[in-house]
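First the structure, in the form of structure tokens, and then the observations on it.
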Amino acid sequence: MKPQAVIFDLDGVVTDTAHLHFIAWQQVAREIDIEIDEQINERLKGISRMGSLELILRAGGAEQRVSQQARLRLAERKNALYVASLKQLSRDSVLPGIAPLLAELRQQKVLVGLASVSLNAPGILSALGLSDRFDFCADAGRIKNSKPDPEIFLAACAGLGVRPQNCIGIEDAQAGIAAINGCGMASVGIGPRLVDADLLLPSTAELSWPLLQRLSAKTGLTGRARPDNE
Ligand code: B16
Ligand code: MG
């Protein structure tokens, strides 16, 4: 049994940009006297830009004192810092195991999708030299709800023309695992602190086509219930 498609998260799965998000948010948060730590950063993974800012303001008890206009300026400033830091990305920034897996999936005629809520995803894929490796990238600009809502994964499935129940999703964030499970795909979690994934791996280096095939057989892929009316 093989999946119709494998759908990848970007930050933390294809490349490690989570620490670049963190450095940019840390700098912006300090400007409004908020200190953020790695624990907060963990909660920002898979959450949209404005959603991340709201979480930071809440954590710093600053929701009341920062106006909507100031929030937009802070989000813009964070993005400018983040985009500047993306200049350091190159083909060498692709995480271990990803390039061989993408090549194997193409050889196996399994479709490849991207489900990132980052508005910078197209630029990042291009910097990594991977733009032509994905059959469809969901457009984060058209998504109303970021992860844990399944919307971005459902958009990737729709763009690829596949049923979620026949696909595997790969994520490094707990919110992302919830999104994958929520649309009935089989889930692969990358990293030490995740729970609830059908397959948990310590890092992307352990990803392989035989493992994904085994996961397809184990989950039966089509045997999952979907919460909506499909
Ligand atoms: P941007 P993913 C997410 O990407 C990041 O995990 C999250 O930390 C970030 O806030 C979000 O993208 C939005 O990114 O500000 O570039 O639009 O994990 O879904 O690939
Ligand atoms: Mg991620």
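Points to keep in mind about this one:
- Apolar share of the accessible surface for region 81-230: 52 percent from carbon plus sulfur atoms, 1.4 Å probe.
- Across region 86-215, C-alpha contacts under 8 Å between residues 6 or more apart give a mean separation that, scaled by the residue count, equals a relative contact order of 22 percent.
- Among residues other than Gly129 with Cβ under 14 Å from its Cβ, the summed charge is 0 (Lys and Arg +1, Asp and Glu -1).
- Assigned charges on the beta-carbon of Lys, Arg, Asp, Glu; region 1-68 dipole about Cα centre (debye): 260
- Solvent exposure, largest accessible area first (probe 1.4 Å, DNA, RNA and ligands not counted), of Arg65, Arg71: Arg65, Arg71
- With the helix formula -39500 (n - 2.57) applied to DSSP H stretches of n ≥ 4, the chain reaches a computed 222 nm mean residue ellipticity of -13000 deg cm²/dmol.
- Whole-number accessible area per residue in Å² for the chain, which is evaluated in the context of all protein chains at 1.4 Å: 47
- Farthest toward positive dipole pole in region 150-227 [+1 Lys/Arg, -1 Asp/Glu at C-beta], among Gly189, Cys167, Leu201: Cys167
- Taking all Cα pairs closer than 8 Å and separated by 6 or more residues, the relative contact order of the chain comes to 25 percent.
- Of all DSSP beta bridges in the chain, antiparallel share, percent nearest 5: 5
- Between helix 49-59 and the chain there is an angle of about 60 degrees, using the helix long axis and the longest principal axis of the Cα atoms.
- Relative contact order (%) - region 167-227, alpha-carbon pairs under 8 angstrom, separation at least six: 31
- Think of region 118-230 as having a plus end and a minus end, set by charges on the Cβ of Lys, Arg, Asp and Glu; of Leu154, Ala217, Phe136, Ala217 sits farthest toward the positive end of this dipole.
- Assigned charges on the beta-carbon of Lys, Arg, Asp, Glu; the chain dipole about Cα centre (debye): 380
- Residues of region 11-48 with amide N under 13 Å of a point placed 7 Å along Cα→Cβ from Arg77: 24-34
- Compared with the dominant Cα axis of the chain, that is its longest principal axis, helix 68-85 is turned about 60°.
The values are calculated or read from the model by the stated rules, or taken from the named source; none is laboratory data. What you see is a predicted model, and the numbers here were worked out from it, not measured in a lab. Here the Cβ is made from the backbone with ideal geometry for all residues, glycine too, and neighbour counts use every protein chain on show. The area values use the complete protein model at the heavy-atom level, side chains included, leaving out ligands, DNA and RNA. Shrake-Rupley method; radii C 1.70, N 1.55, O 1.52, S 1.80 Å.
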